[in-house]
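Q: What follows is a single structure, and I will ask about it in a moment.
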Amino acid sequence: MKATFHSYVAASFLFAIGVIFYTINLKRYFYGIAVHLSKSKIARLALGNASIATILLCGKVVQYVFLGSLRFREQERLQIRIREAIIETCLAMTVFRDEFNAKFLGMFSVLLFVKVFHWLSRDRVENMEEQLHTTLKTHVKLVTLMTILFIMDIRILWACISYTVNNGPSMLVLFAFEFSVLVIWLISTAVKYSLFVA
């Protein structure tokens, strides 16, 4: 799995860099380069794929810093949840199909990224209940992760609500709902964790 992930990230970046260098050699001027990168289907594919690889790489770094390596059970549950979340969001997106654009894909990526760490923190709290001994370092990392997630959830929820109030209903209603559910989910996890620690 690790070799496959590293190969994917390396190939994505090399492909994107190759497309950028090809465009630089082809156009020579910044405006021409920017137009070509935004209009060429292959360039958009390469840069979009590199963006996905960057998000996955950031996720791996956050996972390594706060959670360490994932257990097999956590990986399995995560794959199932991601599949379900993508399907649910695609179904809910049909209401706002006119607003399907890069902004929607960016918000969806942020939502999925944040959801993954909510699920992992919940699984880690449940796993702590089964273990006899957990180090202080593990507790500090988990509490820090949950605090960062809570701040992100509240900030994004506030941005979605204020945008909706000022500009009327849009696809951000869907994301406001999702992030409000995540806030409630995280509070539930924090209560469960505090009951375990007490």
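The values are calculated or read from the model by the stated rules, or taken from the named source; none is laboratory data. What you are looking at is a predicted structure, and each value in this text was computed from that prediction instead of being measured. For neighbour counting, all protein chains shown are included, and Cβ atoms are generated from backbone atoms with ideal geometry for every residue, glycine included. These area figures cover heavy atoms from the full protein model, side chains too; ligands, DNA and RNA do not enter into them. Shrake-Rupley method; radii C 1.70, N 1.55, O 1.52, S 1.80 Å.
Q: What are the semi-axes of the equivalent ellipsoid of the chain, taken as the square roots of 5 times the eigenvalues of the Cα gyration tensor, listed largest first and rounded to whole Å?
A: 35, 24, 14
Q: Quick check: at a probe of 1.4 Å, how many percent of the accessible area of region 33-165 sits on carbon and sulfur atoms?
A: 69
Q: Right, something else. Could you give me D for region 57-121, from Stokes-Einstein at 25 °C and 0.890 mPa s, where the hydrodynamic radius is the Kirkwood radius over C-alpha pairs? Units µm² s⁻¹, please.
A: 188
Q: Still on this structure, please answer the following. To the nearest 0.05, how large is the calculated FRET efficiency for Phe21 and Ile184 if R₀ is 30 Å and r is the Cβ-Cβ distance?
A: 0.05
Q: How long are the semi-axes of the equivalent ellipsoid of region 80-153, defined as square roots of 5 times the Cα gyration tensor eigenvalues? Whole Å, largest first.
A: With the √(5λ) rule applied to region 80-153, the semi-axes are 32, 14, 7 Å.
Q: Based on C-alpha coordinates, I'd like the Rg and Dmax of region 23-105, in Å.
A: Expressed in Å, the Cα Rg and Dmax of region 23-105 come to 18.1, 51.
Q: How much accessible area per residue does the chain have, in Å², with a 1.4 Å probe?
A: Solvent-accessible surface per residue comes out at 64 Å².
Q: I want to check the label-to-label distance for His133 and Ser51. Put each point 7 Å from Cα in the C-beta direction and report it in nm to one decimal.
A: That separation, rounded to one decimal, is 4.8 nm.
Q: Let me ask you something else. Calculate, in nm to one decimal, what Arg28 and Asn101 gain on full extension: separation in residues at 0.36 nm each, minus their alpha carbon distance.
A: Between Arg28 and Asn101, full extension yields an extra 23.4 nm.
Q: Region 91-113 to region 40-79: how many Å between their Cα centroids?
A: Computed from Cα coordinates, the inter-centre distance equals 18 Å.
Q: Something else about it: Taking the Cα-to-Cβ direction at Ile42 and at Ser162 and moving 7 Å from each Cα, how far apart do the two end points lie in nm?
A: If labels sit at Ile42 and Ser162, their model points lie 4.4 nm apart.
Q: Around Leu195, under 13 Å between beta carbons, what's the net of Lys plus Arg minus Asp minus Glu among the other residues?
A: -1
Q: For region 20-125, how many pairs of lysine residues have a Cα-Cα distance under 26 Å, where the two are 8 or more positions apart or belong to different chains?
A: Lysine pairs meeting the criterion: 7.
Q: So, counting K/R as plus one and D/E as minus one, what does the shell of residues with Cβ under 12 Å around Met146 add up to?
A: +3
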